[in-house]
Amino acid sequence: MLSFVLRDFIEYDPALRVRKPILKVPTLISEIVCYEPGQSTASHYHPVQDEIWVVLEGKGEISVGEERLAVEPTSMIFIPAGVRHGLTASANSRLVLLFIKSPGIPEAASLPLAGTAALPAATSPGQKLQLQVTDIQAEARDVIRIELRAPGNTELPAFEPGAHVAVELPNGLIRHYSLSNDWRERDRYVLGVARAPQSKGGAIFIHQALRCGMTLPVRAPRNGFPLDPSATQYLFLAGGIGITPILAMLRWCEANKRPWRLVYAVRSAQRAAFLETLGTIGGGSLHLHCDDRQSGVFDPVPWLSGAPQGEHVYCCGPAPMMAAVKAAASHRDPGTIHFEYFNAPSEEVAAFPEKKPFTIELRRSGRSFTVPADKSVLEILEQNGVPLVSYCREGTCRTCETGVCEGTVEHRDFCLTSQEHAAGNTMLVCVSRAKSERLVLDI
Ligand code: FES
């Protein structure tokens with residue numbers, strides 16, 4: 001028998017919620033998480049892992065799917081696999097949470113199947129790591145693969161397929177890159193970086209000046225392109241370096257025995273990165289489209305017409321490809337089509353309605369501000385000393401996601417799902433605005 005005195009594990013940190021392991025056996029993990037007032041666990045989900053949360057002390061609010069619930073000591077919440085959930089401690093109360101779930105990472109061959117390994121819990125978006133460049137390899141023409149590890153090869157924060165990290169480069173630029181390696185690996189992050197003609201300095205620096213042994217500040221993984229585990233099969237459409245998040249998703253499909261089809265569109269075979277890696281992932285079929293061999297760009301229509309019931313589509317690539325896929329998929333259930341943009345598509349940004357002023361109210365402090373037509377909610381918050389973590393500032397990375405308690409959002413982002421847009425209880429404050437005169441934000 002093992003027994004524990006839970007109060008011995010309670011510890012707070014004003015900078016970040018404190019997470020302490022209590023028990024880790026092959027079939028169960030239990031941890032305590034301690035939140036200072038207002039600290040939170042961002043919304044996330046685990047594709048195959050049920051979870052139980054028990055509140056030991058304090059008050060807060062949890063979100064499970066589209067429901068919100070005030071919690072207090074002795075509240076117990078069951079969170080089924082695949083359902084998004086998050087938690088925020090009340091503004092005037094610390095909170096201590098005990099959670100119990102099956103292990104996120106297979107610990108040994110005795111675990112039944114890699115596919116039953118659940119995705120790990122989300123990490124704190126503000127957490128900054130100092131990672132070392134441990135390997136740089138040419139993958140294809142103008143594409144390199146970069147491996148990052150923690151000093152001493154210590155364990156890295158877990159990530160989900162589709163997640164990205166924000167890398168702070170020595171030239172002052174911050175760039176976010178998808179993680180392409182197996183989500184069960186905890187000792188490294190593998191990125192793919194393409195040098196594009198329109199590079200604004202990030203990719204050029206990485207290609208020309210990054211060297212093994214350099215240390216880079218890297219923000220912990222975030223996932224703006226999560227895989228829906230309820231799909232019965234998957235169609236992946238990758239253009240160029242858009243293959244990187246898809247690689248991690250294919251590994252999840254293989255591990256979980258979900259059938260997949262991949263169309264990988266590149267300008268020429270010399271530019272097709274990660275082909276060797278793709279050849280090692282089973283359980284699906286790869287169609288390589290080379291513009292120069294097939295005399296033209298990839299046409300998604302034949303792939304998207306007559307798609308099987310229950311198939312979800314994931315697309316990541318350059319703007320023209322994304323626009324073609326969006327048009328070809330217009331007849332399909334929008335909840336089954338998922339996009340990750342490299343940048344906000346300028347034609348769609350230009351088509352948004354004219355910006356109008358509105359008021360925001362911050363639920364926890366009661367402060368309110370006017371957002372004029374020429375400023376974003378994020379800018380107004382920053383001007384008034386309410387900083388939020390933000391990377392892209394153009395609605396493509398989901399970092400600045402903020403809960404909405406009241407009011408109607410005018411969504412202008414490119415990463416929330418259509419269901420999330422319809423639910424209206426969250427928004428990306430770097431770009432989205434209000435349809436109503438007032439929004440009450442959950443901060
Ligand atoms: S900062 Fe990237 S979505 Fe807002």
(request) Provide the FRET efficiency to the nearest 0.05 for the Leu28-Ala423 pair, computing r from the beta carbons and using R0 = 35 Å. (result) 0.60
(message) Give me the net charge for the shell around Asn425: Cβ to Cβ below 15 angstrom, other residues only, Lys and Arg +1, Asp and Glu -1.
(response) -4
(message) Let me check I've understood the local charge: for Leu388, count other residues with C-beta under 11 angstrom from its C-beta, Lys and Arg +1, Asp and Glu -1. What total comes out?
(response) -2
(request) Please work out how much length the chain gains when fully extended from Ala138 to Thr154, using 0.36 nm per residue of separation minus the C-alpha to C-alpha distance, in nm with one decimal. (result) 3.2 nm
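Determine Rg/Rh for region 128-222; Rg is computed over alpha-carbon atoms and Rh is the Kirkwood hydrodynamic estimate from the same atoms. Spell out each step's value before the answer.
Working: Rg = 12.4 Å, Rh = 13.3 Å.
Result: Rg/Rh = 0.93.
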(request) Would you mind getting the Kirkwood hydrodynamic radius of the chain from its Cα pairs, rounded to one decimal in Å? (result) 22.9 Å
(request) May I ask you to derive the relative contact order of region 303-443, considering only C-alpha pairs under 8 Å and at least 6 residues apart, and to give it as an integer percent? (result) 25 percent
(request) Can you check what the net charge comes to around Arg195, using other residues whose Cβ is under 10 Å from the Cβ of Arg195 (Lys, Arg +1; Asp, Glu -1)? (result) 0
(request) List the relative contact order of the chain as a percent without decimals, with contacts defined as Cα pairs under 8 Å and 6+ residues apart. (result) 11 percent
(request) Sort region 358-441 into rounded, prolate or oblate with this rule: let a ≥ b ≥ c be the square roots of the eigenvalues of the Cα gyration tensor; rounded if a/c is under 1.5, and if a/c is not under 1.5, prolate when a/b is larger than b/c, oblate otherwise. (result) oblate
(request) Calculate one ³J(HN,Hα) per residue across region 382-389 by plugging θ = phi - 60° into the Karplus curve 6.51 cos²θ - 1.76 cosθ + 1.60, and present them in order as whole Hz with x for glycine and proline. (result) 5, 4, 9, x, 10, x, 10, 6
(request) Compute the FRET efficiency between Ala91 and Asn171 as 1/(1 + (r/R0)^6), taking r as their Cβ-Cβ distance and R0 = 41 Å, and round to the nearest 0.05. (result) 0.60
(request) Subtracting the Cα-Cα distance from 0.36 nm times the residue separation, let me have the gained length for Asp228 to Ala351 in nm, one decimal. (result) 41.4 nm
(request) Report the antiparallel proportion of the DSSP beta bridges in the chain as a percent, rounded to a multiple of 5. (result) 75 percent
(request) Place +1 on the Cβ of every Lys and Arg and -1 on the Cβ of every Asp and Glu in region 192-254, take the dipole about the Cα centre, and give the residue among Leu210, Gly239, Ala220 whose Cα lies farthest towards its positive end. (result) Leu210
(message) Through the Karplus equation 6.51 cos²θ - 1.76 cosθ + 1.60, θ set to phi - 60°, convert the phi angles of region 271-283 into ³J(HN,Hα) values in whole Hz; use x for Gly and Pro.
(response) 9, 8, 7, 6, 4, 4, 4, 4, x, 9, 9, x, x
(request) Quick one: which residues, 5 or more positions from Cys405 or on another chain, have an amide H under 5 Å from its amide H? H modelled 1.01 Å from N in the peptide plane, none for Pro or chain starts. (result) Val440, Leu441, Asp442
(message) As a footprinting exposure proxy, order Ser102, Ser346 by other Cβ within 10 Å, with the fewest listed first.
(response) Ser346, Ser102
(message) I want to verify a result. In a Gaussian network model of the chain, Cα cutoff 10 Å, which of these has the top mean-square fluctuation: Thr426, Thr154, Thr280?
(response) Thr280
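Tell me, Leu250, Leu381 in order of fewest to most beta-carbon neighbours within 10 Å?
Leu381, Leu250
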(request) Using the Karplus curve 6.51 cos²θ - 1.76 cosθ + 1.60 with θ = phi - 60°, work out ³J(HN,Hα) for each residue of region 333-346 in order, rounded to whole Hz, and write x for Gly and Pro. (result) 4, x, x, 9, 10, 10, 10, 10, 8, 6, 9, 5, x, 4
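Report the relative contact order of region 233-342, percent, no decimals, based on alpha-carbon pairs under 8 angstrom and at least 6 residues apart.
Numbers: 177 pairs, mean separation 34.9, N = 110.
Answer for region 233-342 is 32 percent.
For Arg367 and Phe4, compute 0.36 nm times the residue count separating them, minus their Cα-Cα distance, and round to one decimal in nm. Please list the in-between numbers first.
On the way: separation 363, 0.36 × 363 = 130.68 nm, distance 4.26 nm.
The span from Arg367 to Phe4 would gain 126.4 nm if fully extended.
Computed from the coordinates by the stated procedures, all read-outs in this text should not be read as laboratory data. Computed from a prediction, not measured in an experiment: that's the story for all the values here. Heads up, the Cβs are rebuilt from the backbone with ideal geometry, glycines too, and the neighbour counts pull from every protein chain shown.
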